Structures are given as structure tokens and as C-alpha cells.
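K.L.:
After the C-alpha cells below, expect a handful of questions from me.
FYI, it's all coordinate maths here, none of it is from the lab. Note that the coordinates shown come from a computational prediction; the quantities given were computed from them, not determined experimentally. Counting neighbours? That spans all protein chains shown, and the Cβs are built from the backbone with ideal geometry, glycine included.
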Amino acid sequence: MINADPGHFGPNTMMWKVNKEITVLFGGARALLMHAAHPLIAAGARQTSFYQRDPWKRLIRTLSLQNSVTFGTIEEANDSALRINRLHEVIKGEDPVTGGYYDALDHEQLLWVHACLQLSSIFFYEKTVKKLTDEEKDQYHRENMLSAKLVLIDIENMPKTHSALKKWVIDRSKKEEYLKMTDVAKDVQDIIAGGPVPKHIKPIWPFISFTAFNTLPREFKNIYGIESSKVKSIILGFNLLLLKFTRPLLPPFFRLIPPARWAKQRLTKNPNLKFIDKASI
């Protein structure tokens, strides 16, 4: 048996089970919309000018961190988190829109980003792969708390179950003025609606965009002016079912994200394989 570093998790964990699926990545666009609807998260993005210079950089950075922490070696995961933490140290100031103080190392702001990504990942896994039990979702949540700890979230002061985390997000989103349509949120809306999309995902982007907007919780739909309808619900349900039933027919190359395939290769064939040798994470 090859003596390879399985990382913080490993192939028998819920983190691997959920995050390896390529359809779970569709949740990234949904999470980005949820992030941008928070004016203080938007303020941090405005400071760094991510959406003006490179509209995909923030999403790719967030997903790359999740993939590195899930599928990388312990050293790779810790190094990725350290790079993000150092970047976050300088993202702070007064939000010109709300007058509030934004700080990329603030517990609640960090938790908002973490929570929206987790909720979207679980949502798309259940819609495109299979339903999870409450215990499986809570196991994912407990495992993902390590990811939270790596990016300096105070895990002693975060919800202890997946359902509690979901309630935390929804309860806050219902507060007056907690969510806001800002210039950054409008930029993100335009990007998701069909802005400068990378060429390799352009053919499937209309589907990703449609599902991102139309699976948002009601409070977020209100911010972005997304109207629900019976026709939209039918189209959405059909598309998600189509994904769910065609997924088992796909070979691993198309069904699993590259970092998951690389991690399996590291554990079974090449223990010295580094993510940095395969991609920029």
C-alpha cells in the first residue's frame, strides 16, 4: 500500500464525497450571489477591485481554497489557508454605502462567506446526486469546521449543525438592510447573468446562470429582482433531474473535479504528486 498523505480529510469523509462532484461546483455561482448581497462582503471586494479587474478571481480563489483544503496534502491545505489569511489582513475599512466597518478577518463576515458556500454545495449535491440524511449533513458540517478554523473563523462561536448554520444565514438575511443591492452586487449579477464567461464553460453557462438565480432563497431573490413563476420552477426541476439521472452514466473524468482525481492518483499511484504540479491552486 502506498504511503501517501490523505490530507486533513481523506476519501471516506463527507468532504470528499460532496466536494468531488463537478455539479457541486454549480453552487459556486449561487454562493457568489449570496456573498455579494452582503454589503460588507461587497465592500471588501470593492477595495480589491476583483470584479473590475478579473470578475472570476474571487470565485476561483474561494473554490481553489476549498479544493486545496479538501483534496490537498496537509501542507498544501495549510499553505493555501495561510495565503488567504495574509491577503485578508489588509482588506478592511469603512463601507461608503452603509457606513459600516468591513474587515475580511471579522468573524461574522468570514462565517457568512463560509456558510453560503457550504449551503450551496449541499444544496446542489442533494439536487444533482442524492439526498443526504441529517447526520450526513451534520458530519459534513463538523468536518468543514476544520476548513473554517484554517481561515481563522472562531468555530466555538459558530452554529453546531448544518440546519443551524442554514437558519443563521436565513435569519440574518431577513433583517432589515442586512442584504443590499450595491454596485458590487450589480456587477456580480451582470457577470452571472452572462458577462465575460471563461471560454471552457461558456456552452453550459446559461444553465449554471439560470440555476444560480432561481435556486436562491427568497430574501436574496428579492435583492436581485428575481421573480419566481411556475414555468421557471418546471424548467429548473427538469434540468436538475436531468443532471441527476445522467450523472451516473458519465465517466469519472467528466463527473469528478480535477483536484479529486489528482488526490486519488496521489493516494493510489504517485504519493509525491503535488497540486502545484497539476494546476495553480
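K.L.:
If the reach is capped at under 15 angstrom between alpha carbons, list the aspartates and glutamates near K167, excluding any in the same chain fewer than eight residues apart.
P.N.:
By straight Cα distance, K167 reaches E108, D134, D138, E219.
K.L.:
In debye, nearest 20, what is the charge dipole magnitude of the chain about its Cα centre with +1 on Lys and Arg Cβ and -1 on Asp and Glu Cβ, if you could check?
P.N.:
Dipole size: approximately 1200 debye.
K.L.:
Let me ask something additional. Please report the orientation-averaged projected area of segment 197-269, defined via the convex hull of its C-alpha atoms, in nm². List each step's numbers first, then the result.
P.N.:
Working: hull surface 28.3 nm².
Averaging across all directions leaves 7.1 nm² for the Cα convex hull.
K.L.:
On a straight-distance basis, which aspartates and glutamates could pair with K199 in a cross-link, Cα separation under 20 angstrom, same-chain partners fewer than 8 positions away excluded?
P.N.:
D54, D187, D190
K.L.:
OK, next. Using Cα positions and a limit of under 20 Å, work out the lysines in reach of K230, with same-chain residues fewer than 8 apart set aside.
P.N.:
Straight-distance partners of K230: K127, K221.
K.L.:
Going by average Cβ neighbours within 10 Å, how do the peptides 35-46, 250-261, 116-127 rank, with the highest at the top?
P.N.:
Ranking, from highest mean packing down: 35-46, 116-127, 250-261.
K.L.:
Take peptides 3-10, 82-89 and line them up by average Cβ neighbours within 10 Å, highest first, as a rough protection proxy.
P.N.:
Numbers: 3-10: 17.0, 82-89: 13.8.
Those peptides, ordered most packed to least, come out 3-10, 82-89.
K.L.:
Out of residues 5 or more away from I91 or on other chains, whose amide H comes under 5 Å of its own, with H placed 1.01 Å from N in the peptide plane?
P.N.:
A104
K.L.:
Right, next: Students often get this wrong, so check it: of K160/K269; K186/K274; K20/K232, which have C-alpha atoms separated by over 30 Å?
P.N.:
Going by Cα-Cα distance, K160/K269; K186/K274 fall outside the 30 Å limit.
K.L.:
In a Gaussian network model over the chain where Cα atoms closer than 10 Å are linked, find which of T73, T182, T48 has the largest mean-square fluctuation.
P.N.:
T48
K.L.:
Can you pull the Rg over Rh of segment 14-259, Cα-only, Kirkwood?
P.N.:
With Rh from the inverse mean 1/r over Cα pairs, Rg/Rh is 0.93.
K.L.:
What three numbers, in Å, describe the spread of the alpha carbons of segment 58-141 along their principal axes, ordered from the longest?
P.N.:
Per principal axis, max minus min of the Cα coordinates gives 43, 33, 21 Å.
K.L.:
What is the P(r) of segment 160-281, as percent of Cα-Cα pairs per 10 Å bin from 0?
P.N.:
For segment 160-281, the binned pair fractions read 10, 26, 31, 25, 8, 0 percent.
K.L.:
Relative contact order for segment 14-259: what is it in percent, counting Cα pairs under 8 Å that are at least 6 residues apart?
P.N.:
Values: 272 pairs, mean separation 76.8, N = 246.
With pairs under 8 Å counted, the relative contact order is 31 percent.
K.L.:
What list of ³J(HN,Hα) couplings, whole Hz, do you get for segment 227-233 from phi and the Karplus terms 6.51, -1.76, 1.60, once you set θ to phi - 60° and write x for glycine and proline?
P.N.:
9, 8, 7, 5, 5, 4, 4
K.L.:
Short version: ³J(HN,Hα) in whole Hz for each residue of segment 84-92, in order, from phi by Karplus 6.51 cos²θ - 1.76 cosθ + 1.60 (θ = phi - 60°), x for Gly and Pro, what are they?
P.N.:
5, 4, 5, 5, 5, 4, 9, 9, 6
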